[in-house]
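Beneath this line is the structure, given in structure tokens, with notes to follow.
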Amino acid sequence: MELDKMDENDWKYHGEGNKSLVVSNVQHARVLRLLKYSTEDAENSHKTTEQAFRHIQNIVDYSLNVMKPLLGEKFVHDGEAVKLPLDFVRQLSLKVQQERPESRCDKVMDTFSGCALCLPNLTQLSCCCSREHRPPLCIEIKPKCGFLPSSRHVTKEIKSKVCRFCMHQHFKLANGKWKRLSRYCPLDLFSGNKQRMCLAIKHLIEEPQNNFKIFKGGECIYSCKDDADVLQDLDELAQHLRPYFLPSGSLINGHQSSKVVLNELIQVIVSALLSSWEPRKAQLSEGRVRCEASLLHRDLLRNSPGNHCLPKDCVLDKILGTQMLDSLDIEGLNPLFKRVEQHLQDFPKERSSLQIDGPYSQSFLEKVQNCPTEDDGSVEYAVGKVHQYRVAMTAKDCSIMITIATCGEDDGLDQSLEIQPTKPRFTYSVSILDLDPKPYESIPHQSRLDSKIVSHYLRSPLPNNQELANQSLFLGRDRDGEDCTLVFHPV
């Protein structure tokens, strides 16, 4: 990018999270992430240019030096901290304001520092081999935490039976965060069992909340809408997807067509999530992978073939392994956090050497990887466990981007890279993003939140699972042997 020639008309609103807003370039496969601040105190709470640049550089360093070695080079892409002309940033803020969802307008874009994070636009493939020139599809999934805690420090038995996401849904519903309960369970997605994974994706599509989006040619065509007619949205989505999954002369029409198309999409997503260069499997003990809040009946779980397993080095395996660095649960970590806090009160100058606030370098990663398994009472052990927890929290809140494009019969694909060689055929890339460091200071808040979520769940009347299942919009038996061919395509 030529910074002296930046034009706000070359950029469009792409999306936003709790702490940043994203715009994408209309010509080049690049996005900018800009910081956000509360509207109540924007002028006083914003960072100086130097502070903002350091903050963004910390995100770059953390992703490059910590998360990339843990999650794998093929999944994590490098970003760059950039300083933008202030006039460009202010004009850009005015341009995108009208496109922002009302629920996000309690915060404003940072127009004071001019700093941003520049990243590749993962909703697009760097090249596309489709002869039909269909724009690529991109599916964004926030998988959340994929295991149940087994730490001896856990005081509430329900935490070993019902996953955090499913309990948190009831808490968010009661507090007005969402109007409808999501039936998605992360343990189904991380199970490695195709039946459970398909169900998990179906529930994400039915109730996407902040956890599921679909892009077509870089434009978001499906995401959460508070007042949406879900069936109508699904039919519109199916119309977008039909050219990718149904031939033009197909006799299947109407609602049945929508169901077929959406099921084909789900098969593609599951195949991409399970794709790996390694045939070996990574397994977890049975007790950590069954969530009692999941809609799958116990007889189906009991009769489903095979144990819980993921192909080694597939994207879900890498994320789950990093999430499980949280071996103590927040209940076991909180006393160690207090140990570190007491040490910092007694020896405040050691905050830097213990890398509480970074720098996120090779030595930080070594503290994460080399932490002893047994508590020797030292502050070094406590710091190592705190660092592990923060890294695990990043993995629990990351996003997966699956970008796919159709391939013709004669596109000269490497046969060794094909997965389940049946029609239709796709080239794809899988990436992980949203890998910001979680603040050290947020640990007490996480402890209080955990207690509130569990207490609320134990007090709440729970819906009947069979009634929830009957409300499902397009669940049906998955058809065997109709998976799609996927070919690895580097970004």
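The figures follow:
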| item | result |
| --- | --- |
| Distance (nanometres) between label positions extended 7 Å along Cα→Cβ at Arg134 and His240 | 1.4 nm |
| Sum of side-chain charges, Leu241 neighbourhood, beta-carbon under 13 Å (Lys, Arg +1; Asp, Glu -1) | 0 |
| Anisotropy class of segment 110-239 from Cα gyration tensor, a/c 1.5 cut | prolate |
| Shape call, segment 26-114: gyration tensor on alpha carbons, a/c limit 1.5 | prolate |
| 10 Å beta-carbon shell around Val76, net charge (K/R +1, D/E -1) | +1 |
| Residue list for segment 189-217, given a label point 7 angstrom along the Cα-to-Cβ vector of Thr39 and an amide N cut-off under 18 Å | none |
| For Thr373, solvent-accessible area (1.4 Å; no DNA, RNA or ligand), Å² | 120 Å² |
| Ordering of 351-362, 204-215 by packing [mean C-beta count within 10 Å, highest first] | 204-215, 351-362 |
| FRET efficiency for Lys452 and Leu3, using Cβ-Cβ distance with R0 set to 56 Å, rounded to 0.05 | 0.80 |
| Chain lengthening between Asp10 and Gln27 when straightened (0.36 nm per residue, less Cα-Cα) | 5.4 nm |
| Cα gyration tensor category, rounded, prolate or oblate, for segment 173-241 with a/c compared to 1.5 | oblate |
| Chain lengthening between Arg90 and Glu292 when straightened (0.36 nm per residue, less Cα-Cα) | 67.8 nm |
| Counted charge near Cys115, where neighbours are those whose Cβ lies closer than 13 Å (Asp, Glu -1; Lys, Arg +1) | +2 |
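The values are calculated or read from the model by the stated rules, or taken from the named source; none is laboratory data. Since this is a predicted model, take the numbers as computed values, not measurements. Backbone-built Cβ (ideal geometry, glycine too); neighbour counts: all protein chains shown. Each accessible area value is taken on the protein alone, full model and side chains, heavy atoms only, with ligands, DNA and RNA left out. Shrake-Rupley method; radii C 1.70, N 1.55, O 1.52, S 1.80 Å.
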